[in-house]
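The values are calculated or read from the model by the stated rules, or taken from the named source; none is laboratory data. Here the structure is a predicted model, which means the values were calculated and not measured. Heads up, the Cβs are rebuilt from the backbone with ideal geometry, glycines too, and the neighbour counts pull from every protein chain shown. Ligands, DNA and RNA are excluded from the accessible area calculation, which covers all protein heavy atoms including side chains. Shrake-Rupley method; radii C 1.70, N 1.55, O 1.52, S 1.80 Å.
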Amino acid sequence: PRQPAKTLWYDRPRYVYLEFCVEDSTDVKVDIEDHRLVFSCKNADGVEFYNEINLYARVNSKDSREKRSDRSITCFMRKWKEKVAWPRITKENIKPAWLSVDFDNWRDWEGDEEVERAMVEQYAEV
């Protein structure tokens with residue numbers, strides 16, 4: 001039986017970030033559409049994870065990427081309307097049990113564009 005992966009998200013002026021917390025993931029599939037993200041993978045024990053998120057607002061699916069590490073898979077999606085804050089990641093105003101805000105990365109946007117650009121460039125180099 002598949003289960004949702006624990007997911008953290010945070011908002012930035014240009015991108016929305018999602019981190020699926022699965023260690024030693026295999027068979028990772030991330031499908032980013034304009035209004036939806038579908039994620040699936042397995043962990044070292046063969047447990048299947050599956051998350052489907054109807055997104056709060058439109059993203060540019062062509063300018064969205066993911067990066068896998070031993071601890072998690074991070075997706076960053078380019079907002080269609082930049083500099084518009086997302087109060088939540090889901091279209092529906094409900095908070096699934098597996099979804100949390102990543103407070104470590106949640107900051108005010110003031111003067112944040114340089115930081116964000118550096119982050120995206122760092123991701124792009126991987």
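General remarks:
- Which listed residue, of W80, W86, is within 16 Å of the chain's Cα centre (by Cα), among the aromatic types (F, W, Y) and open to solvent by 20 Å² or more (accessible area, probe 1.4 Å): W80
- Listed conditions (1) under 15 Å from A5 (Cα atoms); (2) in contact with a Phe, Trp or Tyr (Cβ under 9 Å, 6 or more places away or on another chain); (3) open to solvent by 30 Å² or more (accessible area, probe 1.4 Å) are all met by E23, apart from (2).
- Residue tally, condition part of a strand (DSSP E or B) and touching a Lys or Arg at 6+ places or on another chain (Cβ under 8 Å), over region 26-61: 16
- Boolean, R12 is of a type outside the set (V, I, T), surrounded by 14 or more Cβ atoms within 10 Å (Cβ to Cβ) and touching a helix residue (DSSP H, G or I) at 6+ places or on another chain (Cβ under 6 Å): yes
- Residues that are open to solvent by less than 80 Å² (accessible area, probe 1.4 Å) and either without any contact (Cβ under 8 Å) to a residue 40 or more places away in the chain or touching a His at 6+ places or on another chain (Cβ under 7 Å) (or both) within region 26-40 comprise T26, D31, E33, R36, V38, F39, S40, listed in sequence order.
- Of residues in region 94-110 being modelled with pLDDT under 85 and open to solvent by 100 Å² or more (accessible area, probe 1.4 Å), the one nearest to F20 (Cα to Cα): R107
- Those residues of region 62-77 which are acidic (D, E) and either touching a residue at least 24 places away in the same chain (Cβ under 8 Å) or in a loop (DSSP other than H, G, I, E, B) (or both), in sequence order: E66, D70
- Looking only at residues in region 41-72 that are among the aliphatic types (A, V, I, L, M) and open to solvent by less than 40 Å² (accessible area, probe 1.4 Å), the one that is nearest to V28 (Cα to Cα) is I53.
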